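Structure, as C-alpha cells:
The values are calculated or read from the model by the stated rules, or taken from the named source; none is laboratory data. No experiment lies behind these values; they were computed from the predicted model shown. Reconstructed Cβ throughout: ideal geometry from the backbone, glycine too, with neighbour counts over all protein chains shown.
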Amino acid sequence: MKRKSPPKPEPVVAPEILAGASRSMDTARPAAAAKCVVCGAETTAEAAEQLCWVCRRLKISAWRDVEQQMPAQE
C-alpha cells in the first residue's frame, strides 16, 4: 500500500513580488563603494567626508571631548 504524498505547500509570498524585490535589491547597490580614508572600510559615496561609520563616530566623540575640556582650561 502506497502512502499519499503530502500536498505541496503554497508559497507564502507571490513569485512576482519576490522577483520585484530581488530586482530592486540589485539596483539599490552602489556600483563602487568608496573607502574610508582612515581605516579603508567601505563607506557611502554620498557622504561629504569619506569616513566609515566607526571613524565618523570616533571623530564626533573626540570633538565632544575637546569641547568639554575647553571650559575647564579657562
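Some notes on this structure:
- Neighbours by Cβ (under 7 Å, 6+ apart or cross-chain): first from segment 1-25, in a loop (DSSP other than H, G, I, E, B); second modelled with pLDDT under 80 and small (Gly, Ala, Ser): none
- Which listed residue, of Ala31, Ala47, Ala21, is at pLDDT below 85, of a type in the set (A, V, I, L, M) and surrounded by 10 or more Cβ atoms within 10 Å (Cβ to Cβ): Ala47
- Of Val37, Val66, Val54, all but one fail to be at pLDDT 75 or above and within 15 Å of the chain's Cα centre (by Cα); the exception is Val54.
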